[in-house]
């Protein structure tokens, strides 16, 4: 039984090495899209709720100044929302999207979360860059620009998380026990 499990794992890894877009990766991608879509909804919800709370607590805007930048309630609310959604996305991806990888290897959760956050930050920069390029430079519709930025960043985040953050080769392989 142990040898069968090892052979099956080896087979799956070999398949992933030879064919990048295989069935297992397609399923993970679809799960990632669902998690990201829910995360986007949470982002808007928590940004809205944070803004309501900040409006109740503080009657003035901006809240404070860093160097020459006024930090407004919208920025603070968006930042709160980003942190909450990043934790949600990490946990949802860890427990659902990349569940099989988590079964194969043990990961240092802190290191894995830092990797996840770095991937998320790069995805955010890609998103914002595409919005600026498509809307600011090419003068495309703002909502089309937001959609393009979101779609490309979701795809980029998935690929980076799949090959780096949750890849079993970056964790400590678990020993397969007999059932």
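Since every read-out is calculated from the coordinates, none of them should be taken as a lab result. Fair warning: this is a prediction, and the values are worked out from it, not measured in the lab. Here Cβ is always computed from backbone atoms with ideal geometry, including for glycine, and neighbour counts include all displayed protein chains.
Note on 67, 164: ascending count of other Cβ atoms within 10 Å places them as 67, 164, the fewest first. Working from Cα positions, state the angle (0 to 90°, nearest 10) between the long axis of helix 73-92 and the longest principal axis of the chain. On a 0 to 90 degree scale, this one is about 10. Short to long, the 5 Å bins of the Cα pair-distance histogram for the chain hold 1, 8, 13, 16, 16, 15, 11, 8, 5, 4, 2, 1, 1, 0 percent of all pairs.
Structure remark: mean-square fluctuation, Gaussian network model of the chain, C-alpha springs under 10 Å; the largest value among 144, 91, 155 belongs to 144. Among 110, 65, 156, determine the one that fluctuates most according to a GNM of the chain built with springs between C-alpha atoms less than 10 Å apart. Highest fluctuation among the options: 65.
Quick one: angle between helix 142-160 and the longest Cα principal axis of the chain, in degrees between 0 and 90, rounded to 10, please. With rounding to tens, the tilt is 30 degrees. In the chain, the longest principal axis of the Cα atoms and the axis of helix 109-131 are about 50 degrees apart.
Inter-part distance, region 108-144 to region 16-85, computed on C-alpha centroids, equals 11 Å.
Model label sites at residue 122 and residue 33, defined 7 Å from Cα along the beta-carbon direction, differ in position by 2.2 nm. Kirkwood hydrodynamic radius of region 75-179, from the reciprocal of the average inverse Cα-Cα distance over all distinct pairs: 15.2 Å. A full extension of the chain between residue 108 and residue 23 corresponds to an added length of 27.9 nm, given 0.36 nm per residue minus the alpha carbon distance.
Using a Gaussian network model on the chain with a 10 Å cutoff between Cα atoms, which of 28, 51, 72 fluctuates the most? Checking each option, the largest mean-square fluctuation is seen for 72.
Fully extending the segment from residue 42 to residue 87, taken as 0.36 nm per residue of separation minus the present Cα-Cα distance, adds 15.1 nm. Placing a pseudo-label 7 Å from each Cα along the Cα-to-Cβ vector at residue 137 and residue 79 gives an inter-label distance of 2.9 nm.
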